[in-house]
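Written out below as C-alpha cells is the structure these notes cover.
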Amino acid sequence: MTPLLDCKDITVRFGTNTVLDRLSFPVERGDYLSVIGKNGSGKSTLIRCLLRLCPVTSGSITPADDFSRRDIGYLPQQSGIQKDFPATVEEVVRSGCLGHHKILPFYTRADKLEAEKNMHRLGICQLRRRSFRTLSGGQQQRVLLARALCATKQLLLLDEPVTGLDPEVSAELYSIIHELNEQDHIAVIMVSHDMEGGLRDARHVLYLDGTVQYYAPIEEFRSSGYAQHLHTDAHLREVYDDRKSE
Ligand code: ADP
C-alpha cells in the first residue's frame with residue numbers, strides 16, 4: 001500500500017546552513033512516528049515542510065492519491081498568543097473545519113456535527129461555552145486536539161503536545177493520542193523532547209541530529225546507539241535544570 005506521505009531526499013537550506021540533508025522516510029497509514037532530536041536539529045523545519053509552510057530546496061513530499069496535505073490535523077506547539085486566544089471552546093474546535101472550505105466563510109451543519117463528535121471524543125462538551133484562555137494547560141490541549149481532529153481522518157501532526165503539562169496530565173494526553181491511533185487508525189507524527197512518553201507508543205522513530213538522520217522501527221531504534229546517546233543527553237539536561245532551579 002502506498003504511504004500517506006512519501007518523503008524523498010528532502011533537503012532544506014537557509015543560505016549556507018543545510019538544515020535537512022537528503023532526508024527520506026515514509027509516513028505509513030495508521031503509523032505512529034516519533035520525531036526526536038535536540039534543539040536546532042530541524043524538527044520544526046520538517047513540520048513546516050510537511051504543512052507546506054516552508055519550501056524544500058530539493059527533494060519531494062508526495063501524498064497518496066486519496067490524501068492531501070490540507071487534510072493534516074495539526075496541533076501546534078503552545079505559544080503565549082494561543083493560550084490567550086479570545087474565543088470559546090466550541091469556536092476553537094469548529095475552526096478546525098475551516099481548512100476544508102475553499103470559499104465558504106461559515107460552518108455547515110456537517111461541520112457542527114463533526115465538532116460536536118470530536119468534543120465528545122475528547123470529553124470537553126461541558127466546557128463548550130468556556131473561554132479558551134481560562135482553561136488549564138491540559139484542557140487547552142484537549143481542545144486543540146479536538147480542533148485538529150476536525151481537520152483530519154487520517155493524519156495528526158503534533159508538535160511537542162505535552163510541553164508545560166504535569167506528568168499526570170501528560171500521561172492522560174498520551175493515552176488519548178494512543179487511542180486515536182489504535183482505535184480510530186489515525187496516523188500520528190509526534191515531535192517530542194520527551195524520551196519516555198514520546199517514544200512509548202511509537203512504531204517508528206525519526207532521529208535528527210545535524211547530518212545524522214536515522215529512521216527505524218521502534219525496536220531497532222531502542223537497541224541503537226542513538227537511543228543511548230539521547231538518554232545521556234536527557235539525563236544531562238535534567239541535572240542542568242535541577243541545578244538552575246536550586
Ligand atoms: P528544531 O525545531 O529542531 O529546534 P529548527 O527547525 O527550528 O530546529 O531549526 C533548525 C535550524 O534551522 C536552526 O539552525 C535554525 O536557526 C535554522 N532555521 C530555521 N528556520 C529558519 C529560517 N526561516 N531562516 C533561517 N534559518 C532558519
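Each value in this text was obtained by applying a stated rule to the coordinates, not by laboratory testing. From a predicted model like this one, the values you see are computed outputs, not experimental measurements. Cβ: placed from backbone, ideal geometry, glycine included. Neighbour counts: every protein chain shown.
By definition, a body whose alpha carbon gyration tensor gives a ≥ b ≥ c is oblate when a/c is 1.5 or more and a/b is not larger than b/c, and the stretch 59-178 fits this oblate description. Within the chain, antiparallel bridges make up roughly 50 percent of the DSSP beta bridges whose residues both belong there. Entry note, the chain: relative contact order of 26 percent, from Cα contacts under 8 Å with a spacing of 6+ residues. What shape does the stretch 85-152 take by its C-alpha gyration tensor, where a ≥ b ≥ c are the square roots of the eigenvalues and a/c under 1.5 counts as rounded, a/b above b/c as prolate, and the rest as oblate? The shape class here is prolate. Counting only aspartates and glutamates at least 8 places from LYS112 when in the same chain, those with an alpha carbon closer than 19 Å to its own are ASP71, GLU90, GLU91.
Working from label points 7 Å from Cα in the Cα-to-Cβ sense, the VAL212 to GLU168 distance is 3.7 nm. Would you tally the net charge around THR57, using a Cβ to Cβ cut-off of less than 14 Å, leaving THR57 out, and scoring K and R as +1, D and E as -1? Here the count lands on +2. In a fully extended conformation the segment linking LEU98 and THR57 would gain 11.8 nm over its present Cα-Cα distance, using 0.36 nm per residue.
Indicate the gyration tensor shape class of the chain (rounded, prolate or oblate), computed on the Cα atoms with a ≥ b ≥ c the square roots of the eigenvalues: a/c under 1.5 is rounded; otherwise a/b larger than b/c is prolate and the rest oblate. Oblate is the answer for the chain, as a/c is 1.5 or above yet b/c matches or exceeds a/b.
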